[in-house]
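In what follows, a structure is listed as structure tokens, so that the remarks can point back to it.
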Amino acid sequence: RSPAGMLLVAAGLLLAVAAGGRGSPAGEQESPPGSRFVCTSLPLDAAGAGCPLPPVPMQGGALPPEEELKATVLQLRETVLQQKETIGSQREAIRELTGKLSRCEGADGKSAAGAWKNEVGKGKDTMGDLPRDPAQVIDQLSRTMQTLKDRLESLEHQLRANVSYAALPSDLREMLQRRLGDLERQLLSKVAELEDEKSLLHNETSAHRQKTETALNALLERVSELEKGNSAFKSPDEFKVSLPLRTNYLYGKIKKTLPELYAFTVCLWLRSSASPGIGTPFSYAVPGQANEIVLIEWGNNPIELLINDKVAQLPLFISDGKWHHICITWTTRDGMWEAFQDGEKLGTGENLAPWHPIKPGGVLILGQEQDTVGGRFDATQAFVGEMSQFNIWDRVLKAEDIMNIANCSINMPGNIIPWVDNNVDVFGGATKWPVETCEERLLDL
């Protein structure tokens, strides 16, 4: 027989006995000595009267499984509470019965026990598997009821946990969907960033490739020009200006202008192709004075240096068609001047426009003499030939510096006008060419 059935039978028996005991007159706390108590077993169908069973919830209803589980838990909780109340009342009945049994045994243990045996023997023995000792019967009933209580509480916790677990997957799915959505958005954002970086890299690569191809094409064109013998130059100062014809439209122009000067040194390499007279290697004109600085050899006249339209004849001889290095120095103090050819001083003088500062903001022309600022050239005064390394300093160079420049010992660009490609423009058919090395020009002397 199951413990639950045994519990119900025992509970019914105890309630019946308790009811018999409570049937004594009111106010009677103890039975008079010598009273007898009859212990009678109850039939199985009478057990349900004292211990009503909770209704079992119907399965397969219209409610969802989660709602059915919740309803079952609530019903079991109410059943447990009812059982707790029943157990409490049964414990009171057990204690009362225990007292009465003790009194029965104290009065006449043998007769009471025999009567109890006889009464039990008359009815159906539903507790034949229980011990004969009443104290043991009560202890076992108490343990059985406590076991049932523990099992019911365990069942309640288990069902509560099952309900929570049943509800968990839905929340978990929502949480996972949100998390996956966030991860998907992050992934798409990262992919978009990578695509942008890839596009930028592609554009930069294309631009770099185009720039490289442009440089290579320019280099190929440069090589082709060198192979044809018609090219410009690589180094910014390794070039020459060629003026092949005596005209009034071939010339070069220095982009920079002169500041106000109280002294200067002008040096250049030149090779003349004209005779008689080399013409005008350079001229500097300012507003109001077309002949501020001019170096000219016109017809059969000697080379002349003009400053503020004042003239000094220079002992230079450069009309032999060879390369020559020319330097001219001047200072406003007493108008002193010096003339160098190929590093050697050939002449000096004074009183050339003394105390006259060179005016700033003029135009510096190569190969033509200016009658107005930057124009009105005369073909008979044009320079025919080649020139290079045209430099101007704002001081008088030492003779040893001029010698070192002329013999290719040093390279000293002018601090006012240096000879660089981007500072020289050519017009009217004048051209720029790679120039011979300094040593090659020396061999031409």
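The values are calculated or read from the model by the stated rules, or taken from the named source; none is laboratory data. Remember, it's a predicted structure, so these values are computed and weren't measured experimentally. All Cβ positions, glycine included, derive from the backbone under ideal geometry; neighbour counts span all protein chains shown. In case anyone asks, the SASA skips ligands and DNA or RNA and just uses the protein heavy atoms, side chains included. Shrake-Rupley method; radii C 1.70, N 1.55, O 1.52, S 1.80 Å.
At 1.4 Å probe size, with the rest of the protein present, what percent of the exposed accessible area of the stretch 284-377 is carbon and sulfur atoms? Please list the in-between numbers first.
Working: 1850 of 3880 Å².
Looking at the stretch 284-377 in its full context, I get 48 percent from C and S.
At TRP355 and ASN248, where each label point lies 7 Å from the Cα along Cα→Cβ, what is the point-to-point distance in nanometres?
Spacing of the two 7 Å Cα→Cβ label points: 3.9 nm.
In square angstrom, what is the accessible area per residue of the stretch 364-415 with a 1.4 angstrom probe?
Values: 2050 Å² over 52 residues.
Ligands and nucleic acids excluded, the figure is 39 Å² per residue.
From Cα pairs below 8 angstrom and at least 6 apart in sequence, can you work out the relative contact order of the stretch 237-441, rounded to a whole percent?
On the way: 566 pairs, mean separation 71.8, N = 205.
Relative contact order here is 35 percent.
Quick one: length gained pulling GLU193 to ALA218 fully straight, 0.36 nm per residue minus the C-alpha distance? Mind showing how you got there, number by number?
Values: separation 25, 0.36 × 25 = 9.00 nm, distance 3.70 nm.
Full-extension gain reported as 5.3 nm.
Based on the mean of other beta carbon atoms within 10 Å per residue, what is the order of 178-190, 378-390, most packed first?
Values: 178-190: 10.0, 378-390: 20.6.
Ranked by mean Cβ neighbours within 10 Å, highest first: 378-390, 178-190.
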